[in-house]
Amino acid sequence: MHKEAEFIPLNIAILTLSDSRTTETDTSGQLLVDSLKSAGHHLAARELCKDDIYASRAIVSNWIADQWVDVIISTGGTGLTARDSTPEALKPLFDQPIEGFGELFRQLSYEEIGTSTVQSRAVAGLANQTLVFCLPGSTGACRTGWERILKEQLDSRHRPCNFVAHTRSGAQLR
């Protein structure tokens, strides 16, 4: 008999990478904060940072080293402009890339924005038992990423598998 899985709340940090947004105008970061809380997770930290490789890498490195943080979701800096540097900043921190995340994100995004999705460099990886997801900066893209991928994959009850077992909080699932 299959025992009903228990929900395990995760500690999630949100990083907005933008040269133009403030905490008051950061609708993408706020959408992610509201979404993770309504799903039953905890906000571990929230920061806004200029689109800078070294500043963003320093913040995420600190969160990866923090035993309290299970998941990091960044928004912004995944496009093709000269200032977009999130993949270059964060991919070197990954112990393992999660290749399917970017592929699935672009597939789902295609349904919404058509071929413009090819300009998204959404990526994800695992680093020190911390999941790192890099979403585009638009509120719509964050909604797509959360509602159509992350909400289920960060829920320990989702079957046949989910990401929770790869985190410190989900260690008992291994």
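Read the figures in this text as sums done on the coordinates, not as results from a lab. On a predicted model such as this, the values are computed, not experimentally measured, just so you know. Here the Cβ is made from the backbone with ideal geometry for all residues, glycine too, and neighbour counts use every protein chain on show.
The ranking of 52, 84, 19 by Cβ neighbour count inside 10 Å, starting from the fewest, reads 19, 52, 84. Panel order for 49, 134, 161, 142, by other beta carbons found within 10 Å of each beta carbon, from fewest to most: 161, 49, 142, 134. The slack between residue 52 and residue 6, meaning 0.36 nm per residue of separation minus the straight C-alpha distance, is 12.6 nm. In order along segment 135-151, the phi-based Karplus estimate (6.51 cos²θ - 1.76 cosθ + 1.60, θ = phi - 60°) of 3J(HN,Hα) comes to 9, x, x, 6, 4, x, 5, 5, 5, 4, x, 6, 5, 9, 9, 5, 3 Hz; Gly and Pro are listed as x.
Taking amide H positions as modeled 1.01 Å from N, with prolines and chain starts lacking one, the residues under 5 Å from residue 156 and 5 or more places away or on another chain are 8.
Taking amide H as placed 1.01 Å from N in the peptide plane, the amide H of residue 50 sits under 5 Å from that of 18, each at least 5 places away or on another chain.
Take the alpha carbon gyration tensor of the chain, find the square roots of its eigenvalues, order them as a ≥ b ≥ c, and report rounded if a/c is under 1.5; if not, report prolate when a/b exceeds b/c, else oblate. It comes out prolate by the Cα gyration axes. Only helical runs count toward this figure. For the chain, summing -39,500 (n - 2.57) over DSSP H runs of n ≥ 4 and dividing by all residues gives -9000 deg cm²/dmol at 222 nm.
A full extension of the chain between residue 152 and residue 171 corresponds to an added length of 5.0 nm, given 0.36 nm per residue minus the alpha carbon distance. For the chain, a crude dipole built from +1 on the beta carbon of Lys and Arg and -1 on the beta carbon of Asp and Glu, taken about the Cα centre, is about 260 debye to the nearest 20. Once you reduce segment 102-174 and segment 37-58 to the center of their Cα atoms, the two points are 15 Å from each other.
Near residue 75, the amide H atoms lying under 5 Å from its own belong to 15, 16, 17, 135; only residues 5 or more places off or on other chains count, and H is placed 1.01 Å from N.
Backbone phi angles across segment 4-10, fed through the Karplus curve with coefficients 6.51, -1.76 and 1.60 (θ = phi - 60°), yield HN-Hα couplings of 5, 5, 9, 6, 10, x, 9 Hz in residue order; Gly and Pro are listed as x. In plain terms, the residue of 121, 174, 157 with the fewest other Cβ atoms within 10 Å comes first and the most crowded comes last, giving 174, 157, 121.
With θ taken as phi - 60° and the Karplus curve 6.51 cos²θ - 1.76 cosθ + 1.60 applied, the whole-hertz 3J(HN,Hα) list for segment 160-174 is x, 7, 8, 7, 4, 4, 8, 9, 4, 5, x, 4, 5, 7, 6 Hz, x standing for glycine and proline.
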